[in-house]
1. Residue-wise, which Karplus ³J(HN,Hα) couplings in Hz belong to the range 87-97, taking 6.51 cos²θ - 1.76 cosθ + 1.60, θ = phi - 60°, and x for glycine or proline?
2. Might you report the magnitude of the Cβ-based charge dipole of the chain about its Cα centre, with Lys and Arg at +1 and Asp and Glu at -1, to the nearest 20 debye?
3. Within the chain, what whole-number % of the accessible surface is contributed by carbon and sulfur, with the 1.4 Å probe and all protein chains included in the calculation?
4. Where nothing but the Cβ of Lys and Arg (+1) and of Asp and Glu (-1) is charged, how large is the charge dipole of the range 43-151 around its Cα centre, in debye to the nearest 20?
5. In debye, nearest 20, what is the charge dipole magnitude of the range 134-228 about its Cα centre with +1 on Lys and Arg Cβ and -1 on Asp and Glu Cβ, if you could check?
6. Taking amide H positions as placed 1.01 Å from N in the peptide plane, with prolines and chain starts having none, which residues 5 or more places from Leu11, or on another chain, fall under 5 Å of its amide H?
7. Per residue of the range 214-220, what does 6.51 cos²θ - 1.76 cosθ + 1.60 with θ = phi - 60° give for ³J(HN,Hα)? Whole Hz please, x for Gly and Pro, Karplus curve as stated.
8. Find which of Val179, Val108, Leu144 sits farthest along the positive direction of the dipole of the chain, computed with +1 on the beta-carbon of Lys and Arg, -1 on that of Asp and Glu, about the Cα centre.
Amino acid sequence: MTRPRIICHMLSSVDGKIDGKALQPMTRKGEYEAVAAKLGGDAWICGRTTMQQHFAEAEPFVSKLQKPAGPQPVFVARLARSYAISVDTLGKLRWLSGDLDGDHLICVVSERVPTDYLEMLREKNISYIVAGESDVDLRQAAQLLGEHFDIRTLLLEGGGHINGGFLQAGLVDEVSLLVVPGIDGRHEIAAVFDGVAAEHHTAVSLKLKSVDQREGDALWIRYEVVRP
Ligand SMILES: NC(=O)c1ccc[n+]([C@@H]2O[C@H](COP(=O)([O-])OP(=O)(O)OC[C@H]3O[C@@H](n4cnc5c(N)ncnc54)[C@H](OP(=O)(O)O)[C@@H]3O)[C@@H](O)[C@H]2O)c1
């Protein structure tokens, strides 16, 4: 078993909503990152929507060939001390380079990704993993991240749907929440975990690891996920 330990680290309102902009007035600058640094991650991973909002180019990649790549070997452009990882089923995200805030970029895609998308990644020295036939197979991807990049602790940093995907796949080992003193209350806003299938009707059980009262009335809460 070579998959990394996966810690879901999120900034949240008291009602579990994760719109960082709405929570800005009650969040101390740099606090989320300062707390994340204490978790000892050697990589962080985000869903396509979050990557699109905060890190990728505005315009999506448009395939000229529209030819699905099918199964592919892992492409290791280089090894690094820390990694930024995107989960992007169809290869929509366009990147300027293989570095994101100083971390080497790894793109996790499905076999439906177009061949010319993978070609673009290789040209830019961006590493990639193709896992899953129609959707990204998160379990296989996690395994390959450990095997090929030696990632030991992976910080799962949202948004809600990718967190829900990892949770449903039984891949979340710990939850680290920075709860700031604010209530959002809007129905349409993403929550810490979203989109878990209806048949998973029993809540995932957690064991409290620590609670740390931070400046500005924030709480940093760490829970270990209890395996059934
Ligand atoms: N407060 C915080 O700490 C924090 C942190 C991060 C983000 N956010 C906020 O969260 C919001 C975005 O959250 P979101 O839930 O809408 O999007 P998200 O989780 O960032 O991205 C979801 C997308 O990831 C892709 N994906 C690939 N494989 C998946 C899988 N197995 N399961 C689930 N998704 C998969 C899907 O897009 P494709 O099918 O196209 O691949 C899916 O639509 C933004 O407002 C962002 O600012 C807050």
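1. Those phi angles translate into 10, 9, 3, 10, x, 9, 6, 9, 10, 7, 8 Hz.
2. Working: 25 positive and 31 negative charges, 50 e Å.
Dipole magnitude for the chain comes out near 240 debye.
3. Working: 6030 of 11790 Å².
Accessible surface attributable to carbon and sulfur in the chain totals 51 percent.
4. 140 debye
5. Numbers: 8 positive and 15 negative charges, 59 e Å.
Rounded to the nearest 20 debye, it is 280 debye.
6. When sequence neighbours closer than 5 places are left aside, the close amide H contacts are Leu178.
7. 9, 5, x, 6, 8, 10, 9
8. Leu144
The values are calculated or read from the model by the stated rules, or taken from the named source; none is laboratory data. Owing to the predicted nature of the structure, the values given are computational and were not obtained by experimental measurement. Because the Cβ atoms are built from the backbone with ideal geometry, glycine has one as well, and the counts that use them run over all protein chains shown. Ligands, DNA and RNA are stripped out before the accessible areas are found, and what is left, the full protein with its side chains, is counted by its heavy atoms. Shrake-Rupley method; radii C 1.70, N 1.55, O 1.52, S 1.80 Å.
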